[in-house]
Amino acid sequence: MNANTSLSERPTIEPRWLFPLIDGALAFIAFGLAYVLRYELQIIRPILDPIQREFAPYIPFAAVYALLVWLNYQRNGLYRNIVGRAWLEEIYLIASSVAVSIVIVLAMFFILQPLATSRLMLIYVAALTVIVASVSRLIRRWALAYLRHRGIGVRRVLIIGMGEIGRSLLGIMLSRPELGYRPVGFLDDDAEKSAISMGRVQAMGSTAQLAETIKAQMVDTVIITFRWKHYDRIQELTEVCRAANTDLRIVPEIMQLNIRQVQVENLDGIPMLGIGAHRSFSRADQFIKRGLDLALVIATLPLWAPVSLLVALALKFEGAGPVLFWQIRVGKDGQQFRMVKFRSMVEGAEDLEEAMLRESGEDPRHPKFIDDPRITKVGRFLRRTSLDELPNLINVIRGDMSLVGPRPPTPREVTLYEPRHTRRLQITPGITGWWQVRGRSNVPFDEMCEMDMYYIDNWSISMDIEILMLTIPRVVLRSGAY
């Protein structure tokens, strides 16, 4: 396996030449559309005495521009199929590629001076290219997701090792079929683990059955999650995969230590893993995030205020207790605050929780009771639609919470945390978050913490916007809520 090849790259459904060809054609078309907007329609600012009206002299420059766009897309990694890359991240890479290409074309105009050029036209070219390229990639994502949900173009995956990392990989693949991985089973040399199936994914015995399992299950990719203390066994399994001409992925042991921000550096053919420090939010980050929160809450006030009034009236008519429910939660840096929600349970519900935990066996750090008898009729609807959390916007305005972030735990839950879990308290808690849009209520506590820490380490404004956009269909479809 090439050390320079990203572990997250894999073959795609479409031919490799197709998308670069489409991108080049779209860039050329954008150049032509920009000419029409500037010289034919003359929007924004009319041209009183245009020196150049014919498009023909622009054709060579449009062709060069299309080539430059393709080269910059290539340089920025837009043709590497990085699994799970956000669409907004692609837009950023597209925009930066287009900006460089436009600057080069502008320099060519000034140097060659073949014709009088409108700088506004080049702005049109850049804007149109970003728009059409972004839309085309969104359509591509939808098309691939549609096909992969139906089992077309997916890779059949066999996981070796059902430890914490193996289970996490399995959960991600099952919850996100659009990534194109279909787990067909798993192997483990632990006799107990190799005999128990994980949902619809079957246990297929020990690693001694690897060769026959690859053949019987038509496996495309094998993923090994063993620790490196099993180095000799990993070497043997690697040779089996090579003999079967099967793609192999190995999760480095460093990843099993829950260390993020890992970069691969190649030193004359020797790969080295660079470990970055934990992400810390700068004051600028906090200021930007706070500004986004306030702007969105204020802008959407005409939408959520009337809905809140209707919910309050419904709760009042039901007469199950006060409309609002206040509860002490733990926020940023362990500071406690009063979180407000619409009441969805009968009065005294908190007093019954300890007994329910003992009876249900739920994880006390993140209890989720299915068919909770404490929930009222109106409350059940509110929880299904997440409308019970609308008053959290008051906490956002006050600065106790953010729109996006880890959900705030109760003080009792925090007392049960292990040291690694406390990183969730590093930033302001939120109404929605990375784990909510990836798994909602059915995510185990440790996996939820992993997702929260991934969010902390990879935070950006575009990531917050992506999460907010993904939250809407999750709420509408009531996915995973109870």
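The values are calculated or read from the model by the stated rules, or taken from the named source; none is laboratory data. Keep in mind the model is a prediction, meaning the values are calculated, not measured. When we count neighbours, we look across all protein chains shown, and the Cβ atoms used for this are built from the backbone with ideal geometry, even at glycine.
Among the criteria (1) closer than 20 Å to LEU237 by Cα; (2) assigned to a loop (DSSP other than H, G, I, E, B); (3) of a type outside the set (Asp, Glu), the one GLN209 does not fulfil is (2).
Output the residues belonging to region 374-431 that are among the aliphatic types (A, V, I, L, M) and out of contact with any helix residue (DSSP H, G or I) (no Cβ under 9 Å at 6 or more places or on another chain).
Here is the first cut: in region 374-431, the residues among the aliphatic types (A, V, I, L, M) are 375, 378, 382, 387, 390, 393-394, 396-397, 401, 403-404, 414, 416, 425, 427, 431.
Listed by number, the residues that qualify are ILE394, LEU416.
When TRP326, TRP304 are checked against the criterion of being in contact with a Lys or Arg (Cβ under 7 Å, 6 or more places away or on another chain) and at pLDDT 90 or above, TRP326 stands alone in meeting it. Within region 389-441, restricting attention to residues that are in contact with a strand residue (DSSP E or B) (Cβ under 8 Å, 6 or more places away or on another chain) and of a type in the set (S, T, N, Q), the residue that is nearest to LEU470 (Cα to Cα) is THR432.
Pairing each residue of region 454-474 that is free of Cβ contacts under 8 Å to residues at least 60 places away in the same chain with any residue that is among the polar types (S, T, N, Q) and outside any helix (DSSP H, G or I), provided the two are 6+ apart or on different chains, yields C-beta distances under 6 Å for THR471/THR432.
With the condition kept exactly as written, say whether any residue in region 347-355 is at pLDDT 70 or above, surrounded by fewer than 18 Cβ atoms within 10 Å (Cβ to Cβ), assigned to a loop (DSSP other than H, G, I, E, B) and of a type outside the set (S, T, N, Q).
Applying the first criterion (at pLDDT 70 or above) to region 347-355 yields 347.
Filter once more, keeping what is surrounded by fewer than 18 Cβ atoms within 10 Å (Cβ to Cβ): 347.
Remaining after also requiring assigned to a loop (DSSP other than H, G, I, E, B): 347.
Right, trim to of a type outside the set (S, T, N, Q) and you get 347.
Yes, region 347-355 contains at least one residue that is at pLDDT 70 or above, surrounded by fewer than 18 Cβ atoms within 10 Å (Cβ to Cβ), assigned to a loop (DSSP other than H, G, I, E, B) and of a type outside the set (S, T, N, Q).
Looking at region 146-167, which of its residues are of a type outside the set (A, V, I, L, M, F, W, C), touching a Ser or Thr at 6+ places or on another chain (Cβ under 8 Å) and under 17 Å from GLN202 (Cα atoms)? Working first, answer last.
Within region 146-167, the subset of a type outside the set (A, V, I, L, M, F, W, C) is 146, 148-151, 153, 155-156, 161, 163-164, 166-167.
Imposing the further condition that a residue be touching a Ser or Thr at 6+ places or on another chain (Cβ under 8 Å) reduces the set to 153, 155-156, 161, 163, 166.
Hits for region 146-167 are ARG155, ARG156, GLY161, GLY163, GLY166.
Restricting to region 295-331, name every residue that is in contact with a Gly (Cβ under 9 Å, 6 or more places away or on another chain) and in a helix (DSSP H, G or I). Residues satisfying the conditions are LEU315, GLU318. Residue count for region 154-171, restricted to those that are in a loop (DSSP other than H, G, I, E, B) and more than 21 Å from the chain's Cα centre (by Cα): 3. When residues in region 237-264 are screened for being modelled with pLDDT of 65 or more and exposed (fewer than 14 other Cβ atoms within 10 Å of the Cβ), 4 of them pass.
Within the option set ARG424, ARG420, being outside any loop (DSSP other than H, G, I, E, B) and either surrounded by fewer than 18 Cβ atoms within 10 Å (Cβ to Cβ) or touching a Leu at 6+ places or on another chain (Cβ under 8 Å) (or both) holds for one residue only, ARG420.
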